[in-house]
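What follows is a single structure, written as structure tokens, with notes after it.
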Amino acid sequence: MDVLEVIALLILIIAIGILVYYYLNDTKIGNKLSNGVPNLRNFNVGGGNASDDNISVSEKLKTKIKDIDMLNINTDAFSNRLDAFLNEKSEELIKDWELATKEDISAFEEKFDLINNDIDDINKRFNEYKDFTNEKLDAVDERLKKLEDG
């Protein structure tokens with residue numbers, strides 16, 4: 001068995017164990033079976049006052065989550081701050097990460113078009129020269145044959 005298979009099997013066993021635990025806690029059978037098992041609901045997380053001893057962990061978590069001011073958590077504000085930072089530092093980021101700008105890409109496209117046109121022109125001239133040279137070579141070959149025959 002491969003190491004990854006063993007890890008996947010362990011994770012699967014742990015997940016099944018957690019599901020069984022929650023199932024037993026939520027059913028009547030689970031309540032009967034878990035009477036002898038200490039319950040986490042009455043577990044005192046933070047120590048503290050005697051009044052906190054009767055508050056369950058889930059209640060403490062609920063009050064902690066309720067204490068968070070959800071009005072101040074705004075993704076738009078975070079996005080705006082991130083955009084402002086990137087705009088402020090964009091020149092440094094472009095230099096540090098050697099990024100291409102639209103101007104750089106436009107300049108490369110213009111150079112490519114010029115080179116492509118030059119290559120087409122050179123190719124056309126080469127073909128004309130090749131045809132002209134082949135005609136001259138054929139004429140020289142004919143003269144050589146006449147001299148050899150003649």
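The values are calculated or read from the model by the stated rules, or taken from the named source; none is laboratory data. Every value quoted in this text rests on a predicted model; they were computed, and no experiment measured them. All Cβ positions, even for glycine, are placed from backbone atoms using ideal geometry, and neighbour counts span all protein chains on display.
Being surrounded by 10 or more Cβ atoms within 10 Å (Cβ to Cβ), of a type in the set (Lys, Arg) and modelled with pLDDT of 85 or more narrows it down to one residue among Lys124, Lys95; which is it?
Lys124
Quick grid of which residues meet (1) in contact with a Phe, Trp or Tyr (Cβ under 9 Å, 6 or more places away or on another chain); (2) assigned to a helix (DSSP H, G or I); (3) closer than 30 Å to Asn87 by Cα:
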site: Leu99; (1), (2), (3): no, no, yes
site: Asp104; (1), (2), (3): no, yes, yes
site: Ala107; (1), (2), (3): no, yes, yes
site: Asp120; (1), (2), (3): no, yes, no
site: Phe126; (1), (2), (3): no, yes, no
site: Lys130; (1), (2), (3): no, yes, no
site: Glu135; (1), (2), (3): no, yes, no
site: Glu142; (1), (2), (3): no, yes, no
